[in-house]
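The values are calculated or read from the model by the stated rules, or taken from the named source; none is laboratory data. In this text the structure is predicted, and so the values were computed from the model without any measurement. Note: ideal-geometry Cβ built from the backbone for every residue, glycine included; neighbour counts use all protein chains shown. Accessible surface areas use protein heavy atoms only, side chains included; no ligands, DNA or RNA. Shrake-Rupley method; radii C 1.70, N 1.55, O 1.52, S 1.80 Å.
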Amino acid sequence: MAEEEEERALLGPGGGGGGSGCGSPPGGPRGLSAACDPRRLPHRLLVLALMCFLGFGSYFCYDNPAALQTQVQADMKVNTARFMALYAWYSWPNVVLCFFGGFLIDRVFGIRLGTIIFSIFVCVGQVIFALGALFNAFWLMEAGRFVFGIGGESLAVAQNTYAVSWFKGKELNLVFGLQLSMARIGSTVNMNVMGWIYSRVQDLLGHTGHSTLGLTLLIGGITCLLSLACALILAYLDKRAEKLLCKEQGKTGEVIKLTDVKDFSLSLWLIFVICVCYYAAVFPFIGLGKVFFIEKFKFSSQEASAINSIVYIISAPMSPVFGLLVDKVGKNIIWVLCAVVTTLASHVMLAFTFWNPWVAMCLLGVAYSLLACALWPMVAFVVPEHQLGTAYGFMQSIQNLGLAVIAIAAGMILDTRGYLFLEVFFSACVCLSLIAVVMLYFVNHLTGGDLNWSAKKREKLQKVAATEAEEQERLRRQNEDDLAKLRPKADDFSFRNRYLSKLGAQLPDNYSSYLSTMAHRSMLK
């Protein structure tokens, strides 16, 4: 009864019965406070906050191994290669799930149930990961990371789907920027807090070891429960808005067709190469960075955690800023080139000099933020709209495949060759990315592509294309109107013939043949 009263209050008089329930009064919702009204800003801000915290737990726990690298290796007695396998196990399921996450949300679970299920996978995966440490079973920790990976990437898809469902137009760019910033905040808090939590648990138990590590990871898993709570509340609010406002349940809109891969252009394949090679030199480096700064630069554990998180700290505020900058200026390839060159300079500084590493890491943070804003939108410029789902799914798939392979390779290099060779390896990955960027520049120039157009030129050509489309639509409608004027009115014609038949008049043969032809045409429409 309370829900029915709330619905009547929102829809106003005459809005409660039958099919008229969808017609809310033009003056807007009435009878509800601003915080409870799905159309009002306070309520939508509440939904936005829940969307941002929806992914907080996943990003916080993703880098738990990086924040506790020394503790994991010491307590579980594993080498660096097995330690980095924790990241590889997260990536393996997403080599496949990137193609099906959107399908599961659209066709199988729906956005609300899908978000809850993926949040549960994240929680269960973190619990298994922690229990593996408690029981001193590293294989169980790996299984936990695999389960965690099943939910982590798909939860990000669900988060974006909610954003598209609740926010439109210019609001959407800001919402995506805020979600990305909150994700980076989650990673930053993890890097700087998990070591401290481990120390407090150690003081409480009076010793180190796998049990201390397991309890620390369980405490970190509380953030996953927070995300699950956000998923449940979001599901209720979205269901309520759907009922009160006749709002459709959000969908990803992704259409995945693997056969589209054969139609991908050379420019798109070069974008894939840039993506894989670049991120292979960033995320695995952060995963191993804490011990690197401790051993090479003699940082304390707290200082190493702080500098290792600076990439995420910079990314949180700079991602929306760079996104706006790239939108205004255009020239995507030039921005990507600047980001890759800056990243290469950062790795060279870290590998071959003893300069203050804060400079190199700050440069890496700026470059990482810039590349994400300039690279990913380029996919939409080189593939038709109906292939976007396949292109982005394939890009994420090979990115996860590359991260899984590189993570294991990085651990093996570190165990056998040390940090200098590891930094040379990361620099080589960035060099491959740089070669791909240069090739993309020339391929785009030779094929007359628009990847390096300025924003003004792109906007001008879009307006011209829109005007041409409107003119074609106008001509099509005019032709249809002209044909309609020439077509006989079948209803009047048949009514006249029926009237003559009742009078007993004999109809000419051509009349009956004309009527049969009209009937046949109407069947074909």
Practice task
For LEU97, indicate whether it is modelled with pLDDT under 95, under 15 Å from the mean Cα position of the chain (by Cα) and either open to solvent by 30 Å² or more (accessible area, probe 1.4 Å) or farther than 21 Å from LEU228 by Cα (or both).
Solution key: yes
Exercise for the section: Might you check whether a residue that is surrounded by fewer than 22 Cβ atoms within 10 Å (Cβ to Cβ) and farther than 16 Å from MET412 by Cβ occurs anywhere in segment 76-87? Expected result: yes
Practice task
Could you tell me which numbered condition PHE354 fails, if it satisfies all but one of (1) in a helix (DSSP H, G or I); (2) over 19 Å from VAL261 (Cβ atoms); (3) touching a residue at least 24 places away in the same chain (Cβ under 8 Å)?
Solution key: (1)
Practice task
State which residue pairs qualify: first residue more than 8 Å from LEU54 (Cα to Cα) and inside segment 226-238, second residue of a type in the set (S, T, N, Q) in any location, beta carbons under 8 Å apart, and separation of 6 or more residues or different chains.
Solution key: LEU234/THR115; ALA235/THR115; ASP238/SER165; ASP238/GLN249
Completion exercise
If we keep only residues of segment 100-125 that are surrounded by fewer than 22 Cβ atoms within 10 Å (Cβ to Cβ) and charged (D, E, K, R), then the residue farthest from SER165 (Cα to Cα) is ARG107
Handout entry: segment 138-162, residues that are under 14 Å from LEU104 (Cα atoms), open to solvent by 30 Å² or more (accessible area, probe 1.4 Å) and modelled with pLDDT of 85 or more
Key = ILE150
Problem - Residues of segment 410-439 satisfying the condition of being in a helix (DSSP H, G or I) and open to solvent by less than 30 Å² (accessible area, probe 1.4 Å) - result: ALA410, GLY411, LEU414, LEU422, GLU423, PHE426, SER427, CYS429, VAL430, SER433, ALA436, VAL437
Completion exercise
Filter segment 229-267 for residues that are open to solvent by less than 50 Å² (accessible area, probe 1.4 Å) and of a type in the set (Asp, Glu); the one that is modelled with the highest pLDDT is ASP238
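Scan segment 154-171 and tell me whether some residue there is under 18 Å from ASN64 (Cβ atoms) and either in a helix (DSSP H, G or I) or within 14 Å of the chain's Cα centre (by Cα) (or both). Step through it out loud before you land on a result.
Quick first cut of segment 154-171, residues under 18 Å from ASN64 (Cβ atoms) only: 155-156.
Now restrict to residues that are either in a helix (DSSP H, G or I) or within 14 Å of the chain's Cα centre (by Cα) (or both): 155-156.
Yes, the conditions are met somewhere in segment 154-171.
I'm trying to understand the selection: among the residues of segment 292-315, which are in contact with a Ser or Thr (Cβ under 8 Å, 6 or more places away or on another chain), crowded, with 21+ Cβ neighbours inside 10 Å and part of a helix (DSSP H, G or I)?
Scanning segment 292-315 gives TYR312, ILE314, SER315.
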Fill in the blank from the handout: Log entry, pairs with first residue in segment 177-204 being part of a helix (DSSP H, G or I), second being of a type in the set (A, V, I, L, M, F, W, C) and open to solvent by 60 Å² or more (accessible area, probe 1.4 Å), beta carbons closer than 8 Å, six or more apart or on different chains, reads MET182/PHE53; ARG184/ILE313; THR188/ILE313; ILE197/ILE219; VAL201/LEU215; VAL201/ILE219
Exercise for the section: Kindly indicate whether ASN452 is at pLDDT 75 or above and not in a helix (DSSP H, G or I). Expected result: yes
Handout entry: Odd one out for MET349, checked against (1) open to solvent by less than 60 Å² (accessible area, probe 1.4 Å); (2) within 31 Å of the chain's Cα centre (by Cα); (3) at pLDDT 95 or above
Key = (2)
Completion exercise
Those residues of segment 287-307 which are farther than 16 Å from GLN71 by Cα and in contact (Cβ under 8 Å) with a residue 60 or more places away in the chain amount to LYS296, PHE297, ALA306
Problem - Selection status of VAL443, open to solvent by 20 Å² or more (accessible area, probe 1.4 Å) and touching a Gly at 6+ places or on another chain (Cβ under 9 Å) - result: yes
Completion exercise
Only one of (1) under 24 Å from the mean Cα position of the chain (by Cα); (2) more than 18 Å from LEU440 (Cα to Cα); (3) open to solvent by 50 Å² or more (accessible area, probe 1.4 Å) does not apply to LYS331, and that is (2)
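Kindly provide the set of residues from segment 202-221 that are open to solvent by 10 Å² or more (accessible area, probe 1.4 Å), hydrophobic (A, V, I, L, M, F, W, C) and either modelled with pLDDT of 95 or more or on the phi > 0 side of the Ramachandran plot (or both), ordered by number.
First, the residues of segment 202-221 that are open to solvent by 10 Å² or more (accessible area, probe 1.4 Å): 202-211, 215, 218-219, 221.
Imposing the further condition that a residue be hydrophobic (A, V, I, L, M, F, W, C) reduces the set to 204-205, 215, 218-219.
If the condition is that a residue be open to solvent by 10 Å² or more (accessible area, probe 1.4 Å), hydrophobic (A, V, I, L, M, F, W, C) and either modelled with pLDDT of 95 or more or on the phi > 0 side of the Ramachandran plot (or both), then LEU215, LEU218, ILE219 are the ones that fit.
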Handout entry: Selection within segment 419-460 - polar (S, T, N, Q) and more than 17 Å from VAL383 (Cα to Cα)
Key = SER427, SER433, SER454
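For every residue, the table says whether it meets (1) in a helix (DSSP H, G or I); (2) farther than 18 Å from VAL189 by Cα; (3) aliphatic (A, V, I, L, M).
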position: ASP37; (1), (2), (3): no, yes, no
position: CYS52; (1), (2), (3): yes, no, no
position: TYR59; (1), (2), (3): yes, no, no
position: ALA74; (1), (2), (3): yes, yes, yes
position: ALA81; (1), (2), (3): yes, yes, yes
position: MET84; (1), (2), (3): yes, yes, yes
position: ALA88; (1), (2), (3): yes, yes, yes
position: VAL96; (1), (2), (3): yes, yes, yes
Practice task
Go through segment 178-197 and count every residue that is open to solvent by less than 10 Å² (accessible area, probe 1.4 Å) and more than 24 Å from ILE116 (Cβ to Cβ).
Solution key: 2
